[in-house]
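So the structure is just underneath, and the comments pick up after that.
Throughout, read-outs are computed from the coordinates displayed, never taken from laboratory work. All figures in this text were calculated on a predicted structure; none of them were measured in a lab. Here the Cβ is made from the backbone with ideal geometry for all residues, glycine too, and neighbour counts use every protein chain on show.
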Amino acid sequence: MPGEAVTLQLGHYSGCVGAHWWGLQAAALRSPSEHNELGAAALLRFARGPGGTESPEPRLVALELKGGVGALRADGADAEPPASWDGAVADCRERGRAPRDTGSRRGDAAGDAKGNPGAAGPGSSPAGSQDDPSPRLWSDYLSVNLHPKSLYVIRQYLHDGDCGCLEGFGQGESLLQDPACVEELEDRLHFFVEECDYLQGFQVLCDLHNGFSGVGARVTELLHDEYARKGILTWGLTPVLSAVGDPQKSFCRLMNTALGIAHLSRHSSLFCPLSLNGSLGLKPEPPVTFPYIKYNASLSYHSSAILAAALDTLTAPYRLCSSQASMLHLADSLTFSGRKVVAAWAALPLPALAGSSLPDVLGAHQDVPWQLLSSCKEQKFGSCFAQSAVLRGVRQEEGSRERESPEQVLRQYLHTQFPGAFSTAHVLRQPCPTRAPFPQFFSPLLSPRGFLGDRARGSSAAVGSVPVLAALQSCPALRALLSGLGRELRPRRWGSSCTAGLELDDVQEALEELRSLAQCYETGAAADGSQDEADSD
């Protein structure tokens with residue numbers, strides 16, 4: 001059985017991803033027992049409620065700003081289990097309190113301070129409609145209980161508004177320099193750590209685009225100092241960004257992102273940026289599109305669901321009941337030669353005909369049918385140094401000729417696509433559950449089980465699960481991301497309020513770290529063009 005992990009959730013968009021992720025894990029527990037290959041106890045604890053029933057709770061410490069959690073109390077959810085999903089968004093009532101927001105408010109947490117959408121979507125019905133709800137806070141669709149130790153509300157800053165927001169990296173760092181704040185965080189961490197039989201390590205979900213990047217820098221440093229022999233896997237999250245925005249805010253976001261990546265990768269076993277943005281620079285490129293998903297990119301409710309499904313699949317290697325691998329094993333297999341940053345890919349759903357076997361599904365795709373979820377520009381030569389791939393929800397018949405195991409079939413496919421790369425492969429029978437509160441933004445071509453050509457799905461039928469292929473890769477595409485962020489932060493632009501609390505030498509050191517990290521991903525083809533890129537600046 002896998003050991004346990006404690007999750008830290010830093011920021012509002014991280015909360016959006018987390019709320020969907022905990023829902024996916026709770027839904028997986030309701031699957032037939034023979035399909036439960038993921039060890040629920042790795043990330044969830046089970047609390048005994050009224051009547052002696054046990055309900056799952058995340059082993060979670062979530063930091064959020066004032067006004068960012070709706071009707072949730074500052075000390076966590078009450079002891080009553082959440083009500084079943086009713087309509088577009090769950091109406092989870094707390095004892096003696098008003099119901100949570102049901103999604104009637106327009107706008108989205110990823111937008112501006114007035115609730116305007118943060119980006120134009122690839123096409124969807126109007127936000128707030130019955131078919132496409134727009135819950136504004138992650139607590140609106142949180143479908144599990146939280147322990148009273150989980151939620152830590154930072155009252156010095158507001159989640160939403162024209163002022164008083166946690167905007168800059170330096171502000172976030174200074175929060176964790178307050179002894180009272182550190183003591184409160186450590187108390188909550190120790191509670192969850194001490195109840196673990198075997199602690200694998202920590203998962204850190206951290207907003208990159210705002211001041212929580214500075215909070216994450218201090219939190220990962222604290223974890224690194226106190227739990228040096230444990231895994232620290234950090235996921236830097238960014239909502240879909242508006243192509244047109246305030247230049248000052250865009251620069252502040254860029255500064256937070258660059259410093260966040262430098263610091264978070266420094267103190268983590270592995271760092272992965274996760275976003276549907278085409279880029280993280282000053283001029284965001286159009287968001288990622290998926291062949292069988294029609295999502296509204298301006299809604300964090302939508303974009304965070306996609307990232308949560310990818311995250312649920314990517315983390316399977318250290319959550320499998322049958323696996324002896326740990327978080328550190330996964331990190332060590334990908335981060336050799338100084339490559340602490342990895343990229344995420346996902347085919348969501350994996351295009352597959354109903355009834356197809358694993359060799360048939362993979363053989364139908366000459367190129368891997370996945371999308372890049374780390375805001376890098378995909379390299380034409382498509383190479384990678386190492387990867388960890390997970391496929392779930394496809395029939396696991398053995399190979400027709402050599403009676404290969406499902407893992408051998410997937411490894412052979414990866415070897416064909418990425419010759420010379422070190423590849424690990426895991427294949428799960430269990431698909432990714434996608435019932436409510438997961439958004440129903442799927443193509444009508446998909447069956448209720450997420451396959452093509454199975455049977456027609458009625459207009460009222462939901463897609464209850466989908467097959468997924470996802471991977472973490474150490475790949476040359478990361479060089480352009482890392483070096484590009486550093487080049488855009490030129491010294492003449494630093495006269496900004498978002499640099500408050502930052503020392504010039506510290507910023508220079510972080511940018512030098514980004515340049516050094518970028519060099520670790522150079523190949524012969526990439527190195528030839530590096531000087532040309534520098535000259536073009």
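Things worth noting here:
- Per-residue 3J(HN,Hα) values for the stretch 209-217, derived from phi via the Karplus relation 6.51 cos²θ - 1.76 cosθ + 1.60 with θ = phi - 60°, read 8, 10, x, 5, 4, x, 4, x, 4 Hz in sequence order (x marks Gly and Pro).
- Pair GLN248, ARG266: separation of 7 Å Cα→Cβ label points (nm): 2.8
- Once the chain from SER337 to ALA180 is taken as fully extended at 0.36 nm per residue, the excess over their C-alpha distance is 52.7 nm.
- Three-way shape label, the stretch 195-301, alpha-carbon gyration tensor, a/c 1.5: oblate
- Restraint check, LYS294/LYS377; LYS249/LYS377; LYS149/LYS230; LYS149/LYS283, Cα-Cα greater than 29 Å: LYS149/LYS283
- Here's how it looks for VAL204: its modeled amide H is under 5 Å from those of LEU8, LEU233, THR234, TRP235, which are all 5 or more places away or on a different chain.
- Under the Karplus curve 6.51 cos²θ - 1.76 cosθ + 1.60, θ = phi - 60°, whole-Hz ³J(HN,Hα) for the stretch 460-474, x wherever Gly or Pro sits: 9, 7, 9, 7, x, 6, 9, x, 9, 10, 9, 8, 9, 10, 8
- In terms of its C-alpha gyration tensor, the stretch 254-411 has an oblate overall shape, because the principal axis ratio a/c (a ≥ b ≥ c, square roots of the eigenvalues) is not below 1.5 and a/b does not outweigh b/c.
- Karplus-derived HN-Hα couplings along the stretch 419-428 (A = 6.51, B = -1.76, C = 1.60, θ = phi - 60°), whole Hz, x at Gly and Pro: x, x, 7, 7, 10, 10, 9, 10, 10, 10
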